[in-house]
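Below: one structure, written as structure tokens.
Read-outs: derived from the displayed coordinates by stated rules, not from any lab. On a predicted model such as this, the values are computed, not experimentally measured, just so you know. Here Cβ is always computed from backbone atoms with ideal geometry, including for glycine, and neighbour counts include all displayed protein chains.
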Amino acid sequence: MLQLSQAGKRFGPKILFQELDWLITPQDRVGLVGGNGTGKTTLLKVLAGSEGLDYGTMNRQRGIRCGYLPQDGLSLSGRTVFAECLSVFSDVHDMQREMEDLSQRMSTVDHASPAYQQIAERFHRVQAEIHSRDGYNIESEVGVVLNGLGFKKEDWERRTEEFSGGWQMRIALAKLLLEKPNLLLLDEPTNHLDLETRNWLEGYLLGYPNAYVLISHDRYFLDVTVNKTAEIWNKKVWFYSGNYEKYLAQKTQRREQLEAAYRNQQEKVEQLEAFINRFRYTATKAKQVQSRIKELERMEKVEIPPEEKAIHFSFPQPQPSGRAVVEAKDLAKSYGPKHVFSQAGFVIERGDRIALVGVNGAGKSTLIKLLAGHEPPSAGEIKLGHNVEVDYFAQDQYKALDPQARLLDDLYEVAPRSTQTELRSLLGCFLFSDDDVFKNIGVLSGGERNRYALARMLLHPSNFLLLDEPTNHLDMRAKDTLLNALQKFTGTVVFVSHDRYFIDKLATRVFEIGDGRIEVFPGNYEDYLWRKEGKAAVVPDVEFIRNGGRPAATNAAATRAAGATEISAMQNNTGGAATDATVSNAALNKDKRINPIKLKQMKERCQELEEEIARLETSISLAETALQSFVSAEETQRQTDQLNRSRSEMENRMAEWEELAGSLEN
């Protein structure tokens, strides 16, 4: 479908990639990965035809249509959202108008004439083409895509220019998905999507009929959507079969093989050089020496590429706060007639890692600003606990920085007691080394500015971190490093992220914001989804309701850690007025079905037991047959002991299998 041969691309004096041979087939689902600045976006533009190659060639099959979605910068105007999406079917509309015209002509032409026959044949061809394009259901298809991408029905008739940049990108994405080009090229399509919309896009791409290449820093999204991974590393593009998880395993294996080959070659080189040096001046060995010299010259050297740089840091471990970090009672926030949420009550305790989830515009950033004290509540109160120190990282944190200031100078103003060596070491952890520390903030890319803002935050140790999308513009390795640091952080964290993997690994509780309420769910995002899908009832905890929305001090943390026991979901609209009878009835109706992860583990164990039982049955049968032939008293005793052990193990496995099978049946 599309082929690159010995392709290469420069960015000024810097080589992004070279010697690239790549054949893209109609079945390919490719994830393009690599560090920030390695050339992923440039390669995508090359595939789209918007940039040319500096070396090599690109051949595209005739009739192939490519659709390219950039990271940002698109602006649409002049039509409603629905009309803009319908515009991708202009050829279908033309065919429908032609059918109407042909139908009218057929009604005026003599049915026995040759002209009628020609018109009728053209009519049937156009009609068949419309059917093949599913042309009679295009409006329904547009509605499905717009709904999936988070557009409410009342938004469909709004003008496109009324929407912000993020929503403009959603409209552009909707048009591409409806157009269904032969090769879909998506540059970080999840940047402007919330978790719900991202989940929908995953499902849509799984059923996409053509090939696509996408860039994403969302590990879970790549794991679900791609079957091949292309990595730009060390000025070359390396290909791996499978999703991101398999790519990581194969990459580790490939490096181990490369290191082994390098060691073997070095040993061979040492042997050859030792022979040459020993017999270089021995006339009788001259022929062998020359042979080994030529062998060394012909040898293709195995080189190990340098290790990739990755940011590495840890948050300063803060002074401990009180047990209750935040208590919110009857909290409400409105902007004029728009009510974000009301009657919300919750307690955040020391050590919590709380993920805020909800659709875009639900109020996640608003809640973080309230907790940070950057905005006042419309009603209710937020009370910070003893010795709580707040640190707030906003989505646009870099906008508060002076674009004319140099990195090193700006850090020195924040921490005048720090030495230049200490500040340069901190910047080096975030990949700002050598002369990079003298760059102006204004010339940094989005990812670089976010990295710098995180580095700056480290100079303000606090025990309560409020992070609004800290993973934006960070590559995979930077996200992993930030995740590891937050996991080791001894303070309390409230964060917003659209990266499902990041939430799953970090969150201990999930606050869902939507429909004017804040509901609390125990566990990570996977646990939250399980409960939302109705596989477990969210049951109010007696002590939680009696304490007015505050977990029981004696067991709240232990209950959250256990994960299997239901913790209360906040009932914002009840105002804590539930009676003991209501709680008892809810507890009796609690859904006792187990977590699907545990269910899967039980099924896998049951299968393992069945395989072990079959193996033991075979072993017992062979042992019984062997005992029928006498060899010696000692051998008979050994075989008898082995048979008894196998029978005992068989009984234990059967007992465990029966108990497990009974549990699964229940």
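Remarks
- Scanning residues 5 or more positions from residue 326 or on other chains, those with amide H under 5 Å from its amide H are 348, 385, with H placed 1.01 Å from N in the peptide plane.
- Exposure proxy for 239, 521, 489: other Cβ atoms within 10 Å of each Cβ, ordered fewest to most, give 239, 489, 521.
- From least to most packed, judged by other beta carbons within 10 angstrom and beginning with the fewest, 255, 451 follow the order 255, 451.
- Cα lying deepest toward the dipole's positive end in region 78-159, options 107, 137, 78, charges on Cβ: 78
- Amide proton proximity set for residue 463, modelled H, under 5 Å, gap of 5+: 389
- Links that overshoot a 32 Å alpha carbon limit, given the list 251/598; 9/175; 14/246; 45/399: none
- Fewest-first sequence of 132, 321 by Cβ atoms within 10 Å of each Cβ: 132, 321
- For the chain, DSSP calls about 55 percent of its internal beta bridges antiparallel.
- Among beta bridges identified by DSSP and lying wholly in region 453-527, the antiparallel ones come to about 55 percent.
- Spread over its residues, the convex hull of the C-alpha atoms of region 78-159 is 98 Å³ per residue.
- Among the DSSP helices (H) of the chain, those spanning at least 20 angstrom by Cα along their long axis with an average Kyte-Doolittle hydropathy of 0.5 or more are 165-179; this is a geometric and hydropathy rule only.
- Put a plus charge on the Cβ of each Lys and Arg, a minus charge on the Cβ of each Asp and Glu, and nothing anywhere else: the dipole of the chain about its Cα centre is then about 1620 debye.
- Among 20, 127, 644 - extreme Cα towards positive end, dipole of the chain, charges at beta-carbon: 20
- Dipole of the chain [Lys/Arg +1, Asp/Glu -1 at C-beta], most positive-end residue of 214, 432, 249: 432
- Considering all different alpha carbon pairs of region 400-460, the Kirkwood hydrodynamic radius works out to 11.3 Å.
- Test item: Cα-centred dipole of region 347-438, Lys/Arg +1 and Asp/Glu -1 on Cβ, debye: 380
- Annotation: amide H-H contacts under 5 Å for residue 523 (H modelled 1.01 Å from N, sequence separation of 5 or more, or interchain): 509, 510.
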